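Peer 1: Structure in structure tokens, see below.
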Amino acid sequence: MQLRRNKSAISLAAIIISGFIVASFTPFSQAFAQNASNDSTNGSQGSTNTVKTLRIGYFPNINHAQAVIGFGSGEFQKALGDNVKVQTTVFNAGPSAIEALLAKRIDATYVGPNPAINGYVVSDGKDLKIVAGVSSGGAVFVVRNDAGINSPKDFANKKFASPQLGNTQDVALRKYLLNNGYKTVENGGNVTVVPVANSDILTLMLKKEIDGAWVPEPWGAKLEKEGNGRIFLDERSLWPGGKFVTASIIAKTDYLKNNPDVIKKLLTAHVNETTWINDHKEEAIKSFNTELKKLTGKTIAEDELRDAFSRLVFTYDPIRQSLFKLADNAYDLGFLAKGKKPDISEIYDLGVLNNVLKEKGLDRIA
């Protein structure tokens, strides 16, 4: 790790939204057809000379910063070794990543909590497991400075945006409105919620066509600095200890079963990258922008990234209880299957992660 860190320019998603999705970024996905011929099990574990393949997805989001930095710089490939061939696919939306995972086009992915929950439910709990956490926090409710909103009492007849119908921020916004006594117009209420790409949210704020938006970072910082907005609510204030999951690593159940050695190397790299980012925030910001430009041709203003990072925590802890609460909220709002509430109690498999943490002398996840 240190050899890489001493370089002046380090290559540097993840989040977003159901979890945190930067929908304006242009996808840089490898064609699925390239990966279709790869067997998810990648052979047996019997020979150390066997070359295996790990097909993994992530987003060009700050809440996926470990993947953006680690895969971009080649650090993850070093940790995985010469006998693991890594094929990455960069997604812009959680549903696309889940679709690819369930279709066996990828073996694992960084993804937001709501897509992970949906994928688990639609596969009857058979096809995926959450194997590690990625990030916590990093979502805010921003209102226009001149919208006349000073408290929830001012929400009537207002129009708000979220990045995607049913994504993590959309569910959070709708639940917050409901908790404060408001219904959306489609449910007979007087508050409008529209799903809009993050980049378009900024435009609509400037045109005064929306009164606010619940967004992932760095869009909160961007709306505040460029969109005549102010942070009305930091979502951390709604959660115990200010902690709630915004991204996780999920793996195909059969891939995890057949390739625990590969997943262990991946999670070792992930834990190392998480620790490094938390210990080197300024360098991580520069590294993220370096890799983001490679992926999207764009960068984010460093002051905006710095503000966004201040509201986001990178962690390998999956913060399980918050995910169960998110699932309850999604169900209550009708975004999960009707009828009996789905059982997601077995969505986690943290055995490999805990082995990694034990070997590093770190506290294991209970």
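Peer 1: Against the conditions (1) of a type in the set (A, V, I, L, M, F, W, C); (2) surrounded by 19 or more Cβ atoms within 10 Å (Cβ to Cβ); (3) under 18 Å from Leu128 (Cα atoms), where does Val90 fall short? Just the number, please.
Peer 2: Only one criterion is unmet by Val90, namely (3).
Peer 1: Report the residue count in the range 320-343 for those that are in contact with a Leu (Cβ under 8 Å, 6 or more places away or on another chain) and in a loop (DSSP other than H, G, I, E, B).
Peer 2: Summing the residues that are in contact with a Leu (Cβ under 8 Å, 6 or more places away or on another chain) and in a loop (DSSP other than H, G, I, E, B) in the range 320-343 gives 2.
Peer 1: Please verify whether Val356 is under 26 Å from Pro115 (Cβ atoms) and open to solvent by less than 30 Å² (accessible area, probe 1.4 Å), treating the condition exactly as stated.
Peer 2: yes
Peer 1: Condition test on Val262, is it crowded, with 24+ Cβ neighbours inside 10 Å, farther than 25 Å from Val313 by Cα and under 23 Å from the mean Cα position of the chain (by Cα)?
Peer 2: It is true that Val262 is crowded, with 24+ Cβ neighbours inside 10 Å, farther than 25 Å from Val313 by Cα and under 23 Å from the mean Cα position of the chain (by Cα).
Peer 1: When only residues in the range 174-199 that are buried (at least 18 other Cβ atoms within 10 Å of the Cβ) and charged (D, E, K, R) count, which is nearest to Lys225 (Cα to Cα)?
Peer 2: Only one residue tops the list, namely Arg174.
Peer 1: Can you tell me which residues in the range 90-132 are of a type outside the set (A, V, I, L, M, F, W, C) and in contact with a Phe, Trp or Tyr (Cβ under 7 Å, 6 or more places away or on another chain)?
Peer 2: Asn92, Arg105, Asp107, Thr109, Tyr110, Gly112, Lys129, listed by residue number.
Peer 1: List the pairs whose first member sits in the range 346-359 and is within 13 Å of Leu266 (Cβ to Cβ), whose second member is of a type in the set (Gly, Ala, Ser), and whose Cβ atoms are under 8 Å apart, counting only residues at least 6 apart or on separate chains?
Peer 2: Partner pairs satisfying both residue conditions: Leu353/Ala132.
Peer 1: How many residues does the range 289-319 contain that are over 24 Å from Lys360 (Cα atoms) and either part of a loop (DSSP other than H, G, I, E, B) or over 15 Å from the mean Cα position of the chain (by Cα) (or both)?
Peer 2: Selection size over the range 289-319: 21.
Peer 1: Another question about this same structure. Within the range 295-332, work out how many residues are among the hydroxyl-bearing types (Ser, Thr, Tyr), open to solvent by less than 10 Å² (accessible area, probe 1.4 Å) and closer than 18 Å to Ile62 by Cβ.
Peer 2: Going through the range 295-332 one residue at a time, the tally reaches 0.
Peer 1: Looking at the range 56-110 only, could you name the residues that are aromatic (Phe, Trp, Tyr) and outside any strand (DSSP E or B)?
Peer 2: Once the filter is applied, which keeps residues that are aromatic (Phe, Trp, Tyr) and outside any strand (DSSP E or B), the range 56-110 yields Phe59, Phe71, Phe76, Phe91.
Peer 1: In this structure, does Thr253 turn out to be within 19 Å of Leu102 (Cα to Cα) and surrounded by fewer than 21 Cβ atoms within 10 Å (Cβ to Cβ)?
Peer 2: When the stated conditions are applied, Thr253 passes them.
This table checks each residue for (1) at pLDDT 95 or above; (2) in contact with a Ser or Thr (Cβ under 7 Å, 6 or more places away or on another chain).
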position	(1), (2)
Lys286	yes, no
Asn289	yes, yes
Leu295	no, no
Ile300	no, no
Glu304	no, no
Ser310	no, no
Val313	yes, yes
Tyr316	yes, yes
Ser322	yes, no
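Peer 1: Of the numbered conditions (1) under 17 Å from the mean Cα position of the chain (by Cα); (2) more than 18 Å from Ile69 (Cβ to Cβ); (3) at pLDDT 95 or above, Ala330 satisfies every one except a single condition; which is it?
Peer 2: (3)
The values are calculated or read from the model by the stated rules, or taken from the named source; none is laboratory data. Since we're looking at a predicted model, the values are computed, not measured. Counting neighbours? That spans all protein chains shown, and the Cβs are built from the backbone with ideal geometry, glycine included. Accessible surface is based on the protein model in full, side chains and every heavy atom, while ligands, DNA and RNA are left aside. Shrake-Rupley method; radii C 1.70, N 1.55, O 1.52, S 1.80 Å.
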